Amino acid sequence: MTDTLQHKGRRKILLEQISKRFSFEQPLLDAMGKVPRHLFLDAGLDHLAYLDRPLPIGAKQTISQPFTVAMQTHLLGLKRFDKVMEIGTGCGYQTAILAQMGMRVFSIERQKSLFIAAQKNLAALGYHAPLLFYGDGFAGLPKFAPFKGILVTCAAPDVPGILLTQLATGGKMVVPLGVEYQKMVVIEKIGENEFVTTEHGEYKFVPMLEGVEK
Ligand code: SAH
(Lines give C-alpha, C1' and ligand atoms only; values in the text may rest on other atoms or scores of the structure.)
Protein backbone atom coordinates (compact mmCIF):
# COMPACT_ATOMS: atom_id res chain seq x y z
CA MET A 1 0.00 0.00 0.00
CA THR A 2 1.29 3.38 -0.91
CA ASP A 3 0.47 7.04 -0.57
CA THR A 4 -0.15 8.11 -4.16
CA LEU A 5 -0.58 11.56 -5.66
CA GLN A 6 -4.28 10.82 -5.80
CA HIS A 7 -4.40 10.16 -2.05
CA LYS A 8 -2.46 13.35 -1.38
CA GLY A 9 -4.88 15.29 -3.59
CA ARG A 10 -7.91 13.88 -1.79
CA ARG A 11 -6.29 14.71 1.55
CA LYS A 12 -5.83 18.30 0.46
CA ILE A 13 -9.49 18.61 -0.54
CA LEU A 14 -10.56 17.10 2.79
CA LEU A 15 -8.49 19.69 4.65
CA GLU A 16 -10.06 22.47 2.62
CA GLN A 17 -13.49 21.13 3.57
CA ILE A 18 -12.83 20.94 7.30
CA SER A 19 -11.13 24.35 7.24
CA LYS A 20 -14.37 25.85 5.95
CA ARG A 21 -16.13 24.67 9.10
CA PHE A 22 -13.45 25.88 11.53
CA SER A 23 -10.20 27.79 11.31
CA PHE A 24 -7.71 25.21 12.58
CA GLU A 25 -4.12 26.11 13.38
CA GLN A 26 -1.47 25.44 10.75
CA PRO A 27 0.63 22.81 12.63
CA LEU A 28 -2.51 20.71 12.99
CA LEU A 29 -3.42 21.06 9.31
CA ASP A 30 0.17 20.24 8.34
CA ALA A 31 0.03 17.03 10.40
CA MET A 32 -3.32 16.02 8.91
CA GLY A 33 -1.90 16.74 5.48
CA LYS A 34 0.97 14.36 6.11
CA VAL A 35 -0.63 11.37 7.86
CA PRO A 36 -2.10 8.99 5.25
CA ARG A 37 -5.50 8.11 6.76
CA HIS A 38 -6.14 5.43 4.11
CA LEU A 39 -3.21 3.39 5.42
CA PHE A 40 -5.03 2.96 8.75
CA LEU A 41 -8.00 1.36 7.00
CA ASP A 42 -8.82 -1.83 5.15
CA ALA A 43 -7.84 -1.63 1.48
CA GLY A 44 -11.53 -1.99 0.62
CA LEU A 45 -12.24 1.40 2.23
CA ASP A 46 -9.49 3.22 0.31
CA HIS A 47 -11.97 5.19 -1.82
CA LEU A 48 -13.78 6.45 1.32
CA ALA A 49 -10.70 7.32 3.38
CA TYR A 50 -10.73 11.04 2.61
CA LEU A 51 -14.41 11.69 3.08
CA ASP A 52 -15.21 13.54 6.30
CA ARG A 53 -16.88 10.58 7.99
CA PRO A 54 -16.13 7.86 10.51
CA LEU A 55 -15.40 4.39 9.07
CA PRO A 56 -15.32 0.86 10.49
CA ILE A 57 -11.97 -0.47 11.76
CA GLY A 58 -13.15 -3.89 12.97
CA ALA A 59 -14.09 -5.08 16.49
CA LYS A 60 -17.31 -2.99 16.13
CA GLN A 61 -15.25 0.21 16.43
CA THR A 62 -14.72 3.19 14.14
CA ILE A 63 -11.98 5.59 13.15
CA SER A 64 -13.19 9.06 14.15
CA GLN A 65 -14.37 11.52 11.52
CA PRO A 66 -11.47 13.77 10.39
CA PHE A 67 -13.27 16.93 11.56
CA THR A 68 -13.64 15.37 15.02
CA VAL A 69 -9.94 14.41 15.13
CA ALA A 70 -9.04 17.98 14.17
CA MET A 71 -11.41 19.53 16.73
CA GLN A 72 -10.29 17.30 19.62
CA THR A 73 -6.64 17.98 18.79
CA HIS A 74 -7.35 21.72 18.56
CA LEU A 75 -9.15 21.72 21.91
CA LEU A 76 -6.20 20.00 23.61
CA GLY A 77 -4.12 23.05 22.72
CA LEU A 78 -0.81 21.20 22.92
CA LYS A 79 2.49 21.81 21.20
CA ARG A 80 5.68 19.99 20.34
CA PHE A 81 7.15 17.87 23.20
CA ASP A 82 4.02 18.11 25.37
CA LYS A 83 3.04 14.85 27.05
CA VAL A 84 -0.38 13.55 26.04
CA MET A 85 -2.40 10.46 26.98
CA GLU A 86 -4.97 9.18 24.50
CA ILE A 87 -7.76 6.84 25.63
CA GLY A 88 -8.89 4.65 22.71
CA THR A 89 -6.05 4.06 20.25
CA GLY A 90 -8.34 2.30 17.76
CA CYS A 91 -6.39 1.96 14.52
CA GLY A 92 -3.84 4.59 15.64
CA TYR A 93 -4.79 7.45 13.32
CA GLN A 94 -5.28 10.09 16.01
CA THR A 95 -2.13 8.79 17.71
CA ALA A 96 -0.21 9.44 14.49
CA ILE A 97 -1.54 13.01 14.24
CA LEU A 98 -0.35 13.78 17.78
CA ALA A 99 3.04 12.14 17.09
CA GLN A 100 3.37 13.99 13.78
CA MET A 101 2.85 17.24 15.71
CA GLY A 102 5.82 16.28 17.86
CA MET A 103 4.01 15.40 21.07
CA ARG A 104 5.09 12.63 23.41
CA VAL A 105 2.17 10.25 23.06
CA PHE A 106 0.90 7.53 25.41
CA SER A 107 -2.16 5.72 24.08
CA ILE A 108 -4.35 3.00 25.63
CA GLU A 109 -6.65 0.53 23.84
CA ARG A 110 -8.87 -2.06 25.53
CA GLN A 111 -9.33 -4.35 22.49
CA LYS A 112 -6.38 -6.63 21.83
CA SER A 113 -6.95 -6.88 18.07
CA LEU A 114 -6.98 -3.09 17.67
CA PHE A 115 -3.97 -2.64 19.93
CA ILE A 116 -2.05 -5.01 17.63
CA ALA A 117 -3.38 -3.37 14.46
CA ALA A 118 -2.38 0.09 15.73
CA GLN A 119 1.12 -1.14 16.54
CA LYS A 120 1.47 -2.45 12.98
CA ASN A 121 -0.04 0.64 11.33
CA LEU A 122 2.12 3.10 13.25
CA ALA A 123 5.34 1.09 12.82
CA ALA A 124 4.71 0.68 9.08
CA LEU A 125 4.55 4.47 8.75
CA GLY A 126 7.66 5.01 10.84
CA TYR A 127 5.93 6.27 13.99
CA HIS A 128 8.02 4.49 16.59
CA ALA A 129 7.83 7.09 19.34
CA PRO A 130 4.23 6.73 20.59
CA LEU A 131 3.96 4.32 23.52
CA LEU A 132 0.98 2.01 23.09
CA PHE A 133 -0.68 0.15 25.95
CA TYR A 134 -3.22 -2.66 26.01
CA GLY A 135 -5.42 -1.93 29.01
CA ASP A 136 -8.42 -0.16 30.47
CA GLY A 137 -8.32 3.57 29.89
CA PHE A 138 -10.48 4.22 32.95
CA ALA A 139 -7.35 3.52 35.01
CA GLY A 140 -5.12 5.76 32.89
CA LEU A 141 -1.35 5.44 33.24
CA PRO A 142 -0.44 6.52 36.79
CA LYS A 143 3.21 5.54 36.28
CA PHE A 144 3.60 8.06 33.49
CA ALA A 145 1.46 10.87 34.95
CA PRO A 146 1.13 13.82 34.97
CA PHE A 147 0.05 14.59 31.40
CA LYS A 148 -0.27 18.02 29.86
CA GLY A 149 -3.24 16.73 27.90
CA ILE A 150 -5.66 13.80 28.08
CA LEU A 151 -7.66 12.97 24.98
CA VAL A 152 -10.59 10.58 25.34
CA THR A 153 -11.70 9.30 21.93
CA CYS A 154 -14.67 7.25 23.17
CA ALA A 155 -17.88 8.37 24.89
CA ALA A 156 -17.59 8.51 28.68
CA PRO A 157 -20.87 8.36 30.61
CA ASP A 158 -19.39 10.66 33.32
CA VAL A 159 -16.10 12.46 33.82
CA PRO A 160 -13.50 9.70 34.40
CA GLY A 161 -12.32 10.90 37.81
CA ILE A 162 -9.09 8.90 38.02
CA LEU A 163 -7.90 10.48 34.79
CA LEU A 164 -8.29 13.97 36.26
CA THR A 165 -5.76 13.04 38.96
CA GLN A 166 -3.27 12.28 36.15
CA LEU A 167 -3.65 15.70 34.56
CA ALA A 168 -0.93 18.30 35.11
CA THR A 169 -1.94 21.67 36.52
CA GLY A 170 -2.45 23.92 33.51
CA GLY A 171 -3.36 20.89 31.39
CA LYS A 172 -6.61 19.99 29.67
CA MET A 173 -8.71 16.87 29.30
CA VAL A 174 -10.88 16.66 26.18
CA VAL A 175 -13.69 14.16 26.67
CA PRO A 176 -16.99 13.43 24.91
CA LEU A 177 -19.57 13.07 27.69
CA GLY A 178 -22.92 11.36 27.36
CA VAL A 179 -24.59 8.13 26.35
CA GLU A 180 -26.60 8.40 23.11
CA TYR A 181 -24.97 11.63 21.94
CA GLN A 182 -22.05 13.39 23.57
CA LYS A 183 -21.13 16.94 24.44
CA MET A 184 -17.49 17.69 23.73
CA VAL A 185 -16.21 18.82 27.09
CA VAL A 186 -12.88 20.46 27.93
CA ILE A 187 -11.80 20.31 31.57
CA GLU A 188 -8.88 22.56 32.37
CA LYS A 189 -7.01 21.96 35.61
CA ILE A 190 -6.22 25.41 36.97
CA GLY A 191 -5.17 24.34 40.47
CA GLU A 192 -4.59 21.19 42.53
CA ASN A 193 -8.33 20.68 42.91
CA GLU A 194 -9.70 23.42 40.69
CA PHE A 195 -11.17 22.84 37.28
CA VAL A 196 -12.83 24.96 34.62
CA THR A 197 -15.23 23.14 32.29
CA THR A 198 -16.36 24.32 28.86
CA GLU A 199 -18.59 22.68 26.23
CA HIS A 200 -17.88 22.53 22.52
CA GLY A 201 -20.77 21.09 20.54
CA GLU A 202 -22.37 17.70 20.04
CA TYR A 203 -20.74 14.55 18.65
CA LYS A 204 -21.31 10.81 18.40
CA PHE A 205 -18.66 8.37 19.64
CA VAL A 206 -18.44 4.64 20.36
CA PRO A 207 -18.79 4.00 24.11
CA MET A 208 -15.96 3.95 26.63
CA LEU A 209 -16.20 0.47 28.16
CA GLU A 210 -14.66 -1.00 31.28
CA GLY A 211 -12.10 -3.81 31.32
CA VAL A 212 -10.22 -5.27 28.36
CA GLU A 213 -11.26 -7.57 25.49
CA LYS A 214 -9.05 -10.30 24.04
N1 SAH B 1 -8.53 7.35 18.36
C2 SAH B 1 -9.21 6.48 17.42
C3 SAH B 1 -10.65 6.30 17.81
C4 SAH B 1 -11.07 4.89 17.84
S5 SAH B 1 -12.73 4.63 18.42
C6 SAH B 1 -9.06 7.04 16.02
O7 SAH B 1 -8.05 7.61 15.72
O8 SAH B 1 -9.90 6.88 15.18
C9 SAH B 1 -12.52 4.56 20.16
C10 SAH B 1 -11.69 3.44 20.70
O11 SAH B 1 -11.78 3.49 22.13
C12 SAH B 1 -12.13 2.03 20.32
O13 SAH B 1 -11.07 1.39 19.67
C14 SAH B 1 -12.47 1.36 21.65
O15 SAH B 1 -12.12 -0.01 21.71
C16 SAH B 1 -11.63 2.17 22.61
N17 SAH B 1 -12.06 2.13 24.02
C18 SAH B 1 -13.32 2.11 24.53
N19 SAH B 1 -13.28 2.06 25.88
C20 SAH B 1 -11.97 2.07 26.24
C21 SAH B 1 -11.27 2.02 27.48
N22 SAH B 1 -11.92 1.94 28.65
N23 SAH B 1 -9.92 2.02 27.46
C24 SAH B 1 -9.23 2.09 26.28
N25 SAH B 1 -9.83 2.12 25.07
C26 SAH B 1 -11.18 2.11 25.04
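The values are calculated or read from the model by the stated rules, or taken from the named source; none is laboratory data. As the structure is a computational prediction, the values presented were derived from the model and not from experiment. For neighbour counting, all protein chains shown are included, and Cβ atoms are generated from backbone atoms with ideal geometry for every residue, glycine included. These area figures cover heavy atoms from the full protein model, side chains too; ligands, DNA and RNA do not enter into them. Shrake-Rupley method; radii C 1.70, N 1.55, O 1.52, S 1.80 Å.
For the residues 7, 47, a 1.4 Å probe over the protein chains yields an accessible-area ranking, largest first, of 47, 7. Relative to the longest principal axis of the Cα atoms of the chain, helix 112-124 runs at roughly 60 degrees. Give the cross-link partners of residue 172 among the lysines, using a straight C-alpha distance below 17 Å as the criterion and excluding same-chain residues fewer than 8 apart. Excluding near neighbours in sequence, the set is 79, 83, 148, 183, 189. Among the chymotrypsin sites (Phe, Trp or Tyr not before Pro) in region 1-79, those placed in a DSSP loop whose Cβ has at most 13 other Cβ atoms within 10 Å are 22. For region 24-81, applying the loop criterion from DSSP together with a ceiling of 10 other beta carbons within 10 Å to the trypsin sites (Lys or Arg not before Pro) yields 60, 80. When you filter the GluC sites (Glu not before Pro) in region 124-196 for DSSP loop state and at most 15 other Cβ atoms inside 10 Å of their Cβ, you are left with 180, 192. Summing charges over all other residues whose Cβ lies under 11 Å from the Cβ of residue 139, with Lys and Arg as +1 and Asp and Glu as -1, gives 0.
Mind checking the full-extension length gain between residue 136 and residue 194? Use 0.36 nm per residue of separation minus the Cα-Cα distance, one decimal, nm.
Taking 0.36 nm per residue and subtracting the Cα distance, the gain is 18.3 nm.
If R0 equals 25 Å, the separation of the Cβ atoms of residue 162 and residue 17 corresponds to a calculated FRET efficiency of about 0.10. Please find the FRET efficiency linking residue 45 to residue 213, where r is the Cβ-Cβ separation and R0 is fixed at 22 Å, and quote it to the nearest 0.05. In this case the efficiency is close to 0.45. Length available on full extension from residue 169 to residue 60: 0.36 nm per residue minus the Cα-Cα distance, which gives 35.7 nm. Region 182-214 and region 129-159 have their alpha-carbon centroids 11 Å apart.
Which of the aspartates and glutamates could be linked to residue 112 by a straight reach, that is with a Cα gap under 17 Å, when you skip same-chain ones fewer than 8 residues away? Partners found: 86, 136, 210, 213.
So, counting K/R as plus one and D/E as minus one, what does the shell of residues with Cβ under 12 Å around residue 9 add up to? In short, +2. Rounded is the label for region 64-214, because the ratio a/c of its alpha-carbon gyration tensor axes (a ≥ b ≥ c) stays below 1.5.
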